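A quick write-up on the structure given underneath.
The values are calculated or read from the model by the stated rules, or taken from the named source; none is laboratory data. What you see is a predicted model, and the numbers here were worked out from it, not measured in a lab. Cβ coordinates were reconstructed from backbone atoms using ideal geometry, including for glycine residues, and neighbour counts include every protein chain displayed.
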C-alpha cells in the first residue's frame, strides 16, 4: 500500500505533472495498493493531455540544458533529470531557440537516461514534425516525465 495522505499524494502528483485535472483524476482513485497501480492510473489519465494541459505542464519545466530557477521538488527533479553535462550546450541552445520559433513553446523531452547527443538528435528530428504530431509527442514526453517522477517520489518507502 502506498501510505501517504491525500495532501501528500496531491503534492507529489502536482510535482510530477502540474495539470490540475490530471492531479484530481489520479488522486480520486486513491488509495493505491502498489506503485505499479499508481503508475498505471497516472499513465491512463495523462493519455492524452489536451493542448491547454500541455501548456499548463510546460510552464513548470525549464528549457533543456538550462538550470531550473528556484527551489522546490519540481526544480530538484529537473536538476537530477538533466544532469550536469554541458556537452553540446551551444547546439542545444540553438535548437531550443529554433524549436520555440517553430512551435511557440519550450522543447520538452524525457532527459533522464538520454545522452546530450541523443537529446540534440531528437530535438533536430522533432523540428521537422508537423504541429499535430509534435503536440502528441510533447504530451507523451510529459507523461513519461511524470511517471519517472512518481517513481522517485513514491517508489521508495512511500
| task | Report, by residue number, each residue of the range 104-126 that is surrounded by fewer than 17 Cβ atoms within 10 Å (Cβ to Cβ), touching a helix residue (DSSP H, G or I) at 6+ places or on another chain (Cβ under 6 Å) and outside any loop (DSSP other than H, G, I, E, B). | result | none
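Within the range 25-50, how many residues turn out to be under 22 Å from residue 136 (Cα atoms) and assigned to a helix (DSSP H, G or I)?
Step one: filter the range 25-50 for residues under 22 Å from residue 136 (Cα atoms), giving 25-26, 39-50.
Keeping just the survivors that are assigned to a helix (DSSP H, G or I) gives 25-26, 39-45.
Result for the range 25-50: 9.
In the range 64-80, what residues are buried (at least 18 other Cβ atoms within 10 Å of the Cβ) and either over 22 Å from residue 151 (Cβ atoms) or at pLDDT 95 or above (or both)?
Step one: list which residues in the range 64-80 are buried (at least 18 other Cβ atoms within 10 Å of the Cβ), which gives 64-65, 68, 74, 77-78.
Listed by number, the list holds a single entry, 65.
Is there a residue in the range 140-147 that is at pLDDT 95 or above and over 26 Å from residue 10 (Cβ atoms)?
Here is the first cut: in the range 140-147, the residues at pLDDT 95 or above are 140-147.
Imposing the further condition that a residue be over 26 Å from residue 10 (Cβ atoms) reduces the set to none.
No: the range 140-147 contains no residue that is at pLDDT 95 or above and over 26 Å from residue 10 (Cβ atoms).
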| message | Need the failing condition index for residue 52 against (1) out of contact with any helix residue (DSSP H, G or I) (no Cβ under 8 Å at 6 or more places or on another chain); (2) within 19 Å of residue 152 (Cα to Cα); (3) at pLDDT 95 or above, just the number. | response | (2)
